Amino acid sequence: MYEIIERQLELADGEVVTALDVLGLGVTLTHHVKNPADAGAPGTVFVDSMQQWFTSVWKHLAQ
């Protein structure tokens, strides 16, 4: 998961806004495989939980 920070950005018209920025550059990547035949496999559990987390964050941040 990427760290999210809040920072000030200056727009082209000079207006300064507060934005949420995802710090993905340089993050450690992981590899997990979802196995549809094994719902209890560690990779399947991890992928499913991360998909649920992402959906919940996306839903709330998009508002």
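Of the numbered conditions (1) without any contact (Cβ under 8 Å) to a residue 24 or more places away in the chain; (2) in a helix (DSSP H, G or I); (3) within 28 Å of GLN63 (Cβ to Cβ), THR44 satisfies every one except a single condition; which is it? So the condition that THR44 fails would be (3).
Quickly run through the stretch 27-52 and pick out the residues that are of a type in the set (A, V, I, L, M, F, W, C) and either under 21 Å from ILE4 (Cα atoms) or in contact with a Pro (Cβ under 9 Å, 6 or more places away or on another chain) (or both).
Initial filter on the stretch 27-52 (of a type in the set (A, V, I, L, M, F, W, C)): 27, 29, 33, 37, 39, 41, 45-47, 50.
The answer is VAL27, LEU29, PHE46, VAL47, MET50.
Among the residues of the stretch 1-41, those identified as modelled with pLDDT of 85 or more, within 20 Å of the chain's Cα centre (by Cα) and in a loop (DSSP other than H, G, I, E, B) are HIS31, HIS32, VAL33, LYS34. Of the candidates ALA12, ALA41, ALA19, ALA62, the single residue that is among the small types (Gly, Ala, Ser) and open to solvent by 80 Å² or more (accessible area, probe 1.4 Å) is ALA12.
The values are calculated or read from the model by the stated rules, or taken from the named source; none is laboratory data. As the structure is a computational prediction, the values presented were derived from the model and not from experiment. Cβ atoms come from the backbone with ideal geometry, glycine included; neighbour counts cover every protein chain shown. For accessibility, only protein heavy atoms count, side chains too; no ligands or nucleic acids. Shrake-Rupley method; radii C 1.70, N 1.55, O 1.52, S 1.80 Å.
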